[in-house]
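Participant: Take a look at this one; I'll ask things after.
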Amino acid sequence: MTEAPAAPVLAVRHAQKHFGAVHALKDVSIEAYRGEVLALLGDNGAGKSTLVKCISGIHPLDEGEIVLDGQVVAIRSPAAARRVGVETVYQDLALFDNLTPAQNFYCGREIAFPAWLPQGLRFLRGRAMDQEAAAVIERLKVKLPKFDAPVALMSGGQRQAIAVARATVFARKVVILDEPTAALGVRESRKVLDLIVQLRAEGNAVILITHNMEHVIELADRAVVLRQGRKVGEMKPDRDNQRKLVALIVGAEV
Amino acid sequence: MTEAPAAPVLAVRHAQKHFGAVHALKDVSIEAYRGEVLALLGDNGAGKSTLVKCISGIHPLDEGEIVLDGQVVAIRSPAAARRVGVETVYQDLALFDNLTPAQNFYCGREIAFPAWLPQGLRFLRGRAMDQEAAAVIERLKVKLPKFDAPVALMSGGQRQAIAVARATVFARKVVILDEPTAALGVRESRKVLDLIVQLRAEGNAVILITHNMEHVIELADRAVVLRQGRKVGEMKPDRDNQRKLVALIVGAEV
Amino acid sequence: DEKIKIGFITKFPVPFFTIMEDAAKAYAKAHPEVEITFGQGTSATDIEGQIALIESMVTQGVKGIALTPVDPTVAPALDKAIAAGVKVVLMDNNIPDWQGRTALATTDNYNAGKIAGEYLKSVLKEGDTLGILEGVPGVPALDDRVNGMLEGLKGVNVKIVGRGTTKCTEELGISVAEDLLTANPHLKSIYAACGPPAAGAAQAIKNAGIANDAIVLVGFDFCCGEEEALTAGIEDASVAQFPAKMSERGVDALVKAIRGEKVESLIDSGAALVTKENMAQFK
Amino acid sequence: MAVLRSRGDGLFARASVIPLALRLLSIGPVLILVLLAVLFSLLTPNFLKPGNLGNIAAQTAVIAIVAIGQHLVILTRGIDLSVGANLALATVIGGLVFRSFDSAILVMLAMLLSGSAVGAVNGLVYVFGRLPHPFIITLASLSICRGLALELAIGHTTMRGMPELITTIGGASTFGVPNSLFVVLIVTGLAVLMAKAMVWGRWIYAVGGNPQAALGMGIPVRAVLVSTYVISGLCAGIGAIMLAGRTAASSPLYGNLLELDTIAAVIIGGASFLGGRGHIGHALVGAVMIGVIRNALNLLNVDVFFQMIALGLIIVMAVEADVLRNHLEARARVVQASRTQ
Amino acid sequence: MAVLRSRGDGLFARASVIPLALRLLSIGPVLILVLLAVLFSLLTPNFLKPGNLGNIAAQTAVIAIVAIGQHLVILTRGIDLSVGANLALATVIGGLVFRSFDSAILVMLAMLLSGSAVGAVNGLVYVFGRLPHPFIITLASLSICRGLALELAIGHTTMRGMPELITTIGGASTFGVPNSLFVVLIVTGLAVLMAKAMVWGRWIYAVGGNPQAALGMGIPVRAVLVSTYVISGLCAGIGAIMLAGRTAASSPLYGNLLELDTIAAVIIGGASFLGGRGHIGHALVGAVMIGVIRNALNLLNVDVFFQMIALGLIIVMAVEADVLRNHLEARARVVQASRTQ
Ligand SMILES: Nc1ncnc2c1ncn2[C@@H]1O[C@H](COP(=O)(O)OP(=O)(O)OP(=O)(O)O)[C@@H](O)[C@H]1O
Ligand SMILES: Nc1ncnc2c1ncn2[C@@H]1O[C@H](COP(=O)(O)OP(=O)(O)OP(=O)(O)O)[C@@H](O)[C@H]1O
Ligand SMILES: [Mg+2]
Ligand SMILES: [Mg+2]
């Protein structure tokens, strides 16, 4: 599984991104392959989330290109990203506080009928969505207090579980997870890691951002390290080079 | 340092809390001592954040009492909590997106003059606050892109660092940290752990909520485990009983 | 020789003032040496707007201003205009206790209200009921129409069973009239202080299915649908002013005053009772 | 029991009271409306007369219909200040069409089109002009529509006459029930259906709840936003038909301050300017509440100036009563939950 | 270079242009105001006459002062719809006091007190009545104040006459500069000082930025909220002095639609209904912008109805121009940053 296939499903080439005077991405290039977990590592503020948001259409790149299945694509909006098969769990969650878990789950992808109408004009199948969403969240072993209450008041971990579950269900090609286990308990984290393994087995390219070295070493087939917006290294993470990896992240001598 | 002193600085007795039909705390009692780190553990939705919010005056308890230095106190608001010496870093951060890091840092505790006026009518010492806040955040080794920009657009870790730094500086008696390292990188997490050690050494009672067992075993003098709103155990965490602790958290057989 | 530039400011957009503007335009057409600049506020309470209009007319260098004052408090702005050498003619209403005007061309609203009151007196009996649809509370000209009507009604003991504010709109007129009719199913008469609520009341009477003869409806201004209501027989009478005459004579006085000629200081353009029979002559 | 005992438990001391209380309290703002109605019917016998209920329905119809469009806009964190002027313009355009074509259908179409077109301009300028808030564009639109309506109606400010179909819809009754009531119920029903049962309605709530997340989830945020302004405009157009029908006329001065009335109705009904919260049906309750208060004050023959004061006081008290109701409902739930453990 | 090249770089192709452009663009909404003024002075020579500038100052003073209070309220995510009626009530009360005591100080005090008292009621009912939004209470307050003012002024609708000190402040000039301009500058200066240099101002921004966090940080949120309504009321009281001075009278009809004008000024100045954003001084710019447009349309003799249309169009265009300015400023910064690497 560590052997990367010939052509990357997703490649970012020479990405540059400024926010006003902040230079968040400096000529970053990465590649992600099907059936592989790519860990994106780096200190706080290194530019990981920025890179992810550029790929998933939230920010436009200032310069550089995104290649999907060998074709240069212009991902102009998150909707476009989802359409070409890139599913993302954002670090800042992006839940709808006023909607229930199931409504959150299917937001933008509602199960609805009749099929011959444009999506917006279809009628919701509330029951079906409730049941399926409940089943998926159940798989993550997270207990929700009430399934028909808005998520506004749920605990940190409950919220994160809903967000992760949503992305994994709709994955088709590339799944990006920005610190998916940050708020999760021991057991729930385990479940998310299992899910990632499953996503990889299903042939997705998974891009995982995390600060947890244990998870990186356990799961990642390859790791790319950013530091202050620049790509400073790429390696196959394992127990042996864990120290080297950490040094690369923090920018210290090995 | 593991020997707890005679009288607890903070005690919660028989706390009960409902949110509508959700019974979030069921007769929970805990005690925290000066010079001790108490880990508050539990699955997602166990009630950890709820307990913390009750102590720091955000929610009123339905039943039960809070005892500070031997006296039953009614903590009716977060302001009251801060006044009696309870400082909290909330899981949902509580930053002001429209203010700069230094403004966030001192919000509600501004350095201002002249002293004979009520706080609200004093004039801000902007320079002094900027400098001191910068120094403290610097200690956490987090790089901020711009010190005079609102925190709205900062990275997840940068935001968390500001929130943690704020609480530690103003600590006087009890410091409560709700998942303070969840979004932090390897190095930044280390710095926060160092800070916690320092807070303990300064004689504070530290209550730490985290899902990271490594951190618990390394730091905590005592651990209390909640499950579905009920206190299910209390022990001194170390390598030997790590498995037992995890089992307690997830509710499995040992 | 040089043109005589004057400003013509009216209160707000309703047909009454549109008629006044049209008459002034006709006057300017007939007198090529007169150039008129028009201005209008946005509502019956747009005092600040009218002050701004007066000030900008002065800036533009007009020699005189003909104005329907929306409120007596525009007087200081007029004083400033006069200090800048501008002559002022008031139209439609006076500004009480203000000495600056060259002339006043008006229908005395109080007296006109009295005409309506006297008509009501002639058709109502002792103990009959009356509901009043007021205009915009606090606007003197409109309040005068009600007070004048009450004065004219003196002598027969008519019971006032309700007074509602309509802001001179048809929408509120119809609603208040409906509620009056509900609270007093045998209501004998309704008086409306402006045209639109009178038309609204006519519609309310019609919608409620009350016979035309069962109720006396008197309006004011003879505009905005009252003609149809009179024709249909639902409305019984209205009080007409003569805005065109008022405007023409006001502007004429202003032009003469600017030329240094002597003018009458009070020009009463009068008011008259309009009924189905005589309405043709007021169109 | 406890040291920190919460207020309100006393009220529910007898266990049997709770289910009933909860039942009553959870019907929402309607409860307050019912209480108001009871109060007014005690104060004046005229209030409950069938004819008067019909009047209330007719008087409230326009506010109610326009409030429903307003509510959709407010659900997306927006505001539509142009509704009143938009309605006036629609009646004027309808009146002009009527002068040339004696066709009820054409006149109604013209009003609906005019209303929606103004709404579309509001939405498009707001969204594609990247304006920070719809306040400015809809305020400008208020000014522009009012000006246009006056300009178009010049010389014949109030145009009398409307096709019979329209006066029947807006002014007549069927079996004593005003036809406008049916229109209100149909419009409300459609709006509730769209908001609750259709994907598009879900998107409106999503956009209001978290606009950024909605973008992130691939919801066509711009189209959703524009659509709410179009619908609000369409509702103004329907309101124009109702009002023109009721008065059998059109006027550029109609709909004065309708924006404030409709926003008040929406907020009284429990929606929030923060978006994404509130049931469409509640806007109807809010509108009826305003209508009922105005009507009762007229019936009670309250002095003109004091009416303004009373209207303000009663509205605040009604909203305050709803706050209390909410609070009691929450308490009752807690007590019930802790009893049934 | 790049595949995805951003628009706007072309504009800044010559490096030397950037610092100048940045300098110009970063002065904010003032830039748009200056552009408007240039346009109008080209269109009519009367615009720049000293007398006319004085007129603009006098005409704008009330909107500007009240807009500053409104801005503080909007900073906390609130809204104050009562300002216009509050101002009218204050002038009436001032007028009544003047009938009994010929003291400018007493009359001014009465107006300021009346204004602040209404503000205090707004704030207290909103905060302690736990109302979900200040819209309802301030709308009710509008209705109540207007009714009260009419009731109090009954029989003497317009009370002529004001003490000389007040007419001097509101209506006279010093060296050709209207005194009201000085008042506006002093009020703005004080407000900016409070908002930017005082702890209390910081708290206002904090409460607006994140009300829950403000509570969590121990900021006296309720007191802060109430204080903004009191100040908004106080500003209405100051506005009452200015208007009563300018007209040498008081009237219950003053301040009609002032709420919309002031909110528009605040939003044009760049504040957000989401709270916590916007510089107080910009409300002044917004107010002046509205004043300038109205004045210019009067000077240009634009037809009444068309004025309404033009006002709407120009305001939208001005806000749109500011959006563009913001965008260009951001672009210029990026280009500058990447050049200086
Ligand atoms: N929208 C934005 N506007 C301005 N600056 C931004 C914006 N988003 C991110 N930044 C800045 O860009 C830099 C990179 O941020 P980014 O969120 O990508 O970091 P990160 O690697 O995800 O860090 P973390 O591990 O803390 O989440 C930071 O300095 C951040 O402050
Ligand atoms: N304000 C609230 N209203 C309603 N329910 C709430 C509220 N706050 C928390 N809850 C519910 O109470 C339970 C306990 O939540 P809490 O946030 O205390 O969990 P936690 O132990 O902090 O979990 P996590 O590790 O995921 O942060 C959860 O089921 C949550 O959904
Ligand atoms: Mg990040
Ligand atoms: Mg928690």
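Participant: Which numbered condition in (1) assigned to a loop (DSSP other than H, G, I, E, B); (2) without any contact (Cβ under 8 Å) to a residue 40 or more places away in the chain is the only one that residue C:187 fails?
Facilitator: Condition not satisfied by residue C:187: (2).
Participant: Considering only residues that are within 9 Å of chain B (Cβ to nearest Cβ), within 24 Å of residue A:129 (Cβ to Cβ) and either within 16 Å of ligand 1 (Cβ to nearest atom) or basic (Lys, Arg) (or both), which ones fall in the range A:160-183?
Facilitator: A:160 - this is the single residue of the range A:160-183 that is within 9 Å of chain B (Cβ to nearest Cβ), within 24 Å of residue A:129 (Cβ to Cβ) and either within 16 Å of ligand 1 (Cβ to nearest atom) or basic (Lys, Arg) (or both).
Participant: When residues of the range B:219-254 are filtered for being polar (S, T, N, Q) and either surrounded by fewer than 16 Cβ atoms within 10 Å (Cβ to Cβ) or not in a helix (DSSP H, G or I) (or both), how many remain?
Facilitator: The qualifying residues number 2.
Participant: What's the number of the only condition in (1) of a type in the set (D, E, K, R); (2) in a helix (DSSP H, G or I); (3) away from ligand 2 (no atom under 16 Å from the Cβ); (4) touching a residue at least 12 places away in the same chain (Cβ under 8 Å) that residue A:172 fails to meet?
Facilitator: Every condition holds for residue A:172 apart from (2).
Participant: Name every residue in the range B:19-32 that is near ligand 2 (Cβ under 9 Å from one of its atoms) and open to solvent by less than 20 Å² (accessible area, probe 1.4 Å), in order of residue number.
Facilitator: Listed by number, the residues that qualify are B:24, B:25.
Participant: Residues of the range C:111-158 being basic (Lys, Arg) and within 11 Å of another protein chain (Cβ to nearest Cβ), which ones?
Facilitator: Hits for the range C:111-158: nothing passes.
Participant: Something else: Filter the range A:49-82 for residues that are within 13 Å of the chain's Cα centre (by Cα) and either more than 14 Å from chain D (Cβ to nearest Cβ) or in a strand (DSSP E or B) (or both) and give the result.
Facilitator: Once the filter is applied, which keeps residues that are within 13 Å of the chain's Cα centre (by Cα) and either more than 14 Å from chain D (Cβ to nearest Cβ) or in a strand (DSSP E or B) (or both), the range A:49-82 yields A:50, A:51.
Participant: May I ask you to verify whether residue A:131 is within 16 Å of ligand 1 (Cβ to nearest atom) and of a type in the set (S, T, N, Q)?
Facilitator: no
Participant: Something else about it: Can you tell me which residue among E:334, E:304 is touching a strand residue (DSSP E or B) at 6+ places or on another chain (Cβ under 6 Å), facing chain D (nearest Cβ under 9 Å) and among the aliphatic types (A, V, I, L, M)?
Facilitator: The match here is E:304.
Participant: Given the options C:235, C:228, C:170, name the one that is within 14 Å of chain D (Cβ to nearest Cβ) and in contact with a Pro (Cβ under 6 Å, 6 or more places away or on another chain).
Facilitator: Result of the check over C:235, C:228, C:170: C:170.
Participant: Still on this model: With respect to residue E:284, determine if the residue is open to solvent by less than 20 Å² (accessible area, probe 1.4 Å), on the phi < 0 side of the Ramachandran plot and hydrophobic (A, V, I, L, M, F, W, C).
Facilitator: The answer is no for residue E:284.
Participant: Related question: List the strands (runs of 3 or more DSSP E) inside the range C:83-180, counting only whole elements, that have at least 2 residues being under 30 Å from residue D:293 (Cα atoms) and open to solvent by 40 Å² or more (accessible area, probe 1.4 Å).
Facilitator: By residue number, C:159-165.
Participant: Out of all the residues in the range B:40-90, which are within 16 Å of ligand 4 (Cβ to nearest atom) and acidic (Asp, Glu)?
Facilitator: Listed by number, the list holds a single entry, B:43.
Participant: Scan the range B:135-149 for residues that are more than 16 Å from ligand 3 (Cβ to nearest atom) and either of a type outside the set (A, V, I, L, M) or surrounded by fewer than 15 Cβ atoms within 10 Å (Cβ to Cβ) (or both) and jot them down.
Facilitator: Those that are more than 16 Å from ligand 3 (Cβ to nearest atom) and either of a type outside the set (A, V, I, L, M) or surrounded by fewer than 15 Cβ atoms within 10 Å (Cβ to Cβ) (or both): B:135, B:138, B:139, B:141, B:146, B:147, B:148.
Participant: Continuing with the same structure: Please specify each residue of the range A:136-154 satisfying the condition of being more than 21 Å from the chain's Cα centre (by Cα) and not charged (D, E, K, R).
Facilitator: Once the filter is applied, which keeps residues that are more than 21 Å from the chain's Cα centre (by Cα) and not charged (D, E, K, R), the range A:136-154 yields A:144, A:145, A:147, A:149, A:150, A:152, A:153, A:154.
Participant: Only residues that are of a type in the set (A, V, I, L, M), surrounded by fewer than 22 Cβ atoms within 10 Å (Cβ to Cβ) and assigned to a helix (DSSP H, G or I): list them for the range B:102-128, please.
Facilitator: B:121, B:128
Participant: Also, quick follow-up: Quick check on my filter: what residues within the range C:197-223 are open to solvent by 20 Å² or more (accessible area, probe 1.4 Å) and either out of contact with any strand residue (DSSP E or B) (no Cβ under 9 Å at 6 or more places or on another chain) or assigned to a loop (DSSP other than H, G, I, E, B) (or both)?
Facilitator: Passing the criteria: C:206, C:208, C:209, C:210, C:211, C:212, C:213, C:214, C:221, C:222, C:223.
Participant: When the residues of the range B:150-159 are filtered to those that are more than 8 Å from chain A (Cβ to nearest Cβ) and either outside any helix (DSSP H, G or I) or surrounded by fewer than 21 Cβ atoms within 10 Å (Cβ to Cβ) (or both), which remaining residue is nearest to ligand 1 (Cβ to nearest atom)?
Facilitator: In this case the residue turns out to be B:152.
Participant: Here is a further query. Name the residues in the range C:60-83 that are touching a Lys or Arg at 6+ places or on another chain (Cβ under 7 Å) and more than 12 Å from chain E (Cβ to nearest Cβ), would you?
Facilitator: C:63, C:64, C:68, listed by residue number.
Participant: Right, next: Within the group C:235, C:277, C:261, which residue is assigned to a loop (DSSP other than H, G, I, E, B), open to solvent by less than 10 Å² (accessible area, probe 1.4 Å) and modelled with pLDDT of 90 or more?
Facilitator: The conditions single out C:235.
Participant: Which condition from (1) more than 16 Å from ligand 3 (Cβ to nearest atom); (2) modelled with pLDDT of 85 or more; (3) within 20 Å of residue A:91 (Cβ to Cβ) is the one that residue B:163 breaks?
Facilitator: Exception for residue B:163: condition (1).
Participant: To continue, here is another question. For the range A:155-169, which positions are without any contact (Cβ under 8 Å) to a residue 40 or more places away in the chain and hydrophobic (A, V, I, L, M, F, W, C)?
Facilitator: Hit for the range A:155-169 is A:161, nothing else.
Participant: In this structure, does residue E:136 turn out to be open to solvent by less than 30 Å² (accessible area, probe 1.4 Å) and under 30 Å from residue B:129 (Cα atoms)?
Facilitator: Here the answer is no, as residue E:136 does not meet what is asked.
Participant: Exactly one condition in (1) open to solvent by less than 30 Å² (accessible area, probe 1.4 Å); (2) free of Cβ contacts under 8 Å to residues at least 24 places away in the same chain; (3) within 16 Å of residue D:260 (Cβ to Cβ) is not met by residue D:308; state its number.
Facilitator: Residue D:308 satisfies all of (1) open to solvent by less than 30 Å² (accessible area, probe 1.4 Å); (2) free of Cβ contacts under 8 Å to residues at least 24 places away in the same chain; (3) within 16 Å of residue D:260 (Cβ to Cβ) except (1).
Participant: Among the residues of the range A:38-48, is any within 13 Å of ligand 1 (Cβ to nearest atom), assigned to a helix (DSSP H, G or I) and within 13 Å of the chain's Cα centre (by Cα)?
Facilitator: yes
Participant: Check residue B:37 against each of (1) among the aliphatic types (A, V, I, L, M); (2) away from ligand 4 (no atom under 16 Å from the Cβ); (3) out of contact with any Asp or Glu (no Cβ under 6 Å at 6 or more places or on another chain); (4) open to solvent by less than 10 Å² (accessible area, probe 1.4 Å) and name the one condition it does not meet.
Facilitator: (3)
Here is a yes/no grid of residues against (1) open to solvent by less than 10 Å² (accessible area, probe 1.4 Å); (2) within 9 Å of another protein chain (Cβ to nearest Cβ); (3) closer than 26 Å to residue E:121 by Cα:
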site: E:147; (1), (2), (3): yes, yes, yes
site: E:176; (1), (2), (3): no, no, no
site: E:215; (1), (2), (3): no, yes, yes
site: E:226; (1), (2), (3): no, no, yes
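Participant: Just for the range A:36-92: of the residues that are within 16 Å of ligand 3 (Cβ to nearest atom) and of a type in the set (Ser, Thr, Tyr), which one is nearest to residue A:106 (Cα to Cα)?
Facilitator: A:88
The values are calculated or read from the model by the stated rules, or taken from the named source; none is laboratory data. This is a predicted model, so every value here is computed, not measured. Neighbour counts run over all protein chains shown; Cβ positions are idealised from the backbone, glycine included. What goes into the accessible areas is simple: the full protein's heavy atoms, side chains included, and nothing from ligands, DNA or RNA. Shrake-Rupley method; radii C 1.70, N 1.55, O 1.52, S 1.80 Å.
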